[in-house]
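The values are calculated or read from the model by the stated rules, or taken from the named source; none is laboratory data. Not measured: the values here are computed from a predicted model. Here the Cβ positions follow ideal geometry from the backbone for every residue, glycine too, while neighbour counts run over all protein chains shown. Protein only, heavy atoms only, side chains kept; ligands, DNA and RNA dropped before computing areas. Shrake-Rupley method; radii C 1.70, N 1.55, O 1.52, S 1.80 Å.
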Protein chains: 2
Amino acid sequence: MPTTHHVENHFTGGEMVRDIVIGMSDGLTVPFALAAGLTGAVTATHIVVTAGMAEIAAGSIAMGLGGYLAARTDMEHYHSEKLREYKEVDEVPEIETQEVVDFFRTHGMSDEEITPVVNAIKADRHRWVDFMMRFELGLEAPVAGRARRSAFTIALSYIIGGLIPLLSYILINNIQTALYTSVAVTLAALFIFGYVKGRFTGLNPLKGATQTVLIGGLAAGAAFLIARLIS
Amino acid sequence: MPTTHHVENHFTGGEMVRDIVIGMSDGLTVPFALAAGLTGAVTATHIVVTAGMAEIAAGSIAMGLGGYLAARTDMEHYHSEKLREYKEVDEVPEIETQEVVDFFRTHGMSDEEITPVVNAIKADRHRWVDFMMRFELGLEAPVAGRARRSAFTIALSYIIGGLIPLLSYILINNIQTALYTSVAVTLAALFIFGYVKGRFTGLNPLKGATQTVLIGGLAAGAAFLIARLIS
């Protein structure tokens, strides 16, 4: 089937992959950078671990709960806009008709071409509202249950990503050795993560890997400098 | 003009407002929660300030640079998909025609209604590709220069948001007093921010304010508990 083949070519990763990417890229980067930064200011690994754990708790809740509420708000927004469109289609049909006409006009169609399309869309009230929702407002119907699943995936990915750089500080007592191990382990993890992310999102894998390593490295370097300067 | 009025009703804030919201909601939440959390484990405010500053450096770079690269990737993805669509329209026009037909069919139009629309769209190669980009793939043309502007706005908002909770620890030496002041100042800032955000995004302002305060409070509480448990 050529159509299926065609669709697969455009595949850019599902929503779960997107959520894992969101959670893990920040989870691997920020706790890593914070921990590395603190080694420029303190000498005890337990402070680095405490700060890192507190950051993971704060970051995963902020991202997960923030994502959950944003998805809930999107859903409420969608339903209130839909009610408004139904109201407008009933109360000011001439304005709504003009909006459909304008829409096709901006897509380069002539008035003779537009008339039958507009009449077809207007023939059904629900179809008309669906059309306005999707093409005038650019709103897609949100999937039920998505908010909770998304929040959980993002938060868990953040926690897993954040534990990778912290593990060295938990297991190794010497703060310099812990730092070097954490940097090596996390840059490797960022490289693998960026590579896999690149493959899933259709980006060049090596380019994806370079980008995530670059962000993590710059963030950690900046955090280290700031911590050393002010301590 | 009723159409302009109508559009304004649907206004949900520009892209800059969106970027400020993204940067500031995390900036107000995560450094706040980290600093509050650390007071459960350390007694010197300078460690809290150092960790907080390192977090702001790491978070603003991760969010800003991450946003920049994501926007750049979107732009590259858009252009490569557009080239692909041009190629497909030229090489397999019958499959692309069927996709336009299927698209209108899923929107409930009959074959007699579809034929003139499909012919109008196919009459111009660029219009045809634009149609496929927007409605088959749901891709909007990215705005040039947007990536850099967006990265800068997000990072700056994160820094400003993050400095608000840290100010108390910088100015007040007693860690308990600094904590209480930071909590009061930041919850007030989260409330105002959530209220303004609600107004800009069309959400109920009081609901927006309650949500941001809730996320910040929960994140800080969790960070505090974690830090106290492991220290």
Here FRET efficiency (C-beta to C-beta, B:GLU112 to B:TYR78, R₀ 35 Å, nearest 0.05) is 0.50
So what's the angle, to the nearest 10 degrees on a 0 to 90 scale, between helix A:45-91 and the longest Cα principal axis of chain A?
0 degrees
Cα centroid of segment B:33-53 to Cα centroid of segment A:36-62, whole Å
9 Å
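What FRET efficiency do you get for A:LEU167 and B:LEU225 if R0 is 25 Å and r is their Cβ-Cβ distance, rounded to the nearest 0.05? Let's see the in-between values first.
Values: r = 21 Å, r/R0 = 0.85.
That pair, A:LEU167 with B:LEU225, gives E of 0.75.
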Env charge @ B:ASP26, Cβ radius under 15 Å, K,R +1 / D,E -1, value -2
Could you look at chain A and say what percent of its accessible area is carbon and sulfur, using a 1.4 Å probe and all protein chains?
65 percent
Can you tell which of B:SER60, B:SER157, B:ALA35 lies farthest toward the positive end of the dipole of the protein assembly as shown, using +1 and -1 charges on the Cβ of basic and acidic side chains (Lys, Arg; Asp, Glu)?
B:ALA35
Near B:LYS82, which lysines are there with a Cα under 23 Å away, not counting those fewer than 8 places off in the same chain?
A:LYS197, A:LYS207, B:LYS122
Test item: Cα-centred dipole of segment B:114-231, Lys/Arg +1 and Asp/Glu -1 on Cβ, debye:
160 debye
Kindly identify segment A:177-231 as rounded, prolate or oblate by the Cα gyration tensor criterion: order the square roots of the eigenvalues as a ≥ b ≥ c, call it rounded if a/c is under 1.5, otherwise compare a/b with b/c, prolate if a/b is larger, else oblate.
oblate
Size of the dipole of the protein assembly as shown about the Cα centre, Lys and Arg at +1 and Asp and Glu at -1 on the beta carbon, nothing else charged, in debye to 20?
2520 debye
If I build a Gaussian network model for chain B, linking alpha-carbon pairs within less than 10 angstrom, which residue out of B:LYS87, B:LYS197, B:LYS207 has the largest mean-square fluctuation?
B:LYS87
Checking A:GLY23, A:GLY194, A:GLY145 against a Gaussian network model of chain A (alpha-carbon springs below 10 Å), the top fluctuating residue turns out to be A:GLY145
When the convex hull of its Cα atoms is projected in every direction, mean area for segment B:1-155 (nm²):
14.3 nm²
Taking the Cα centre of segment A:20-90 as origin, work out the dipole magnitude from +1 charges on Lys and Arg Cβ and -1 charges on Asp and Glu Cβ, in debye rounded to 20.
240 debye
How big is the B-A contact in terms of buried accessible area, both chains counted, 1.4 Å probe, rounded to the nearest 100 Å²?
5500 Å²
Per the helix-only calculation at 222 nm, which mean residue ellipticity applies to chain A, given -39500 (n - 2.57) for every DSSP H run of n ≥ 4 and division by its residues, nearest 500 deg cm²/dmol?
-28500 deg cm²/dmol
Round to the nearest 10 and give me the degree value, 0 to 90, for the angle of helix A:15-38's Cα axis relative to the longest principal axis of chain A.
30 degrees
Using Cα pairs under 8 angstrom and six or more residues apart, how large is the relative contact order of chain A, in percent?
40 percent
Label model pair B:LYS87, B:LEU137: point-to-point distance (7 angstrom along the Cα→beta-carbon line) in nm is 1.1 nm
Kindly list the residues of segment A:110-126 that lie in the label zone of B:ASN119, defined by a backbone N under 17 Å from the point 7 Å along the Cα-to-C-beta vector.
A:110-120
Can you tally the net charge around A:GLY37? Count Lys and Arg as +1, Asp and Glu as -1, for every other residue whose Cβ sits under 13 Å from the Cβ of A:GLY37.
-1
The protein assembly as shown shape via C-alpha gyration tensor axes, a/c threshold 1.5
prolate
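Given a Förster distance of 41 angstrom, what is the FRET efficiency for A:ARG199 paired with B:THR97, based on the Cβ-Cβ distance and rounded to 0.05? Don't jump to the answer; show the numbers that get you there.
On the way: r = 32 Å, r/R0 = 0.78.
So, using R0 = 41 Å, E works out to roughly 0.80.
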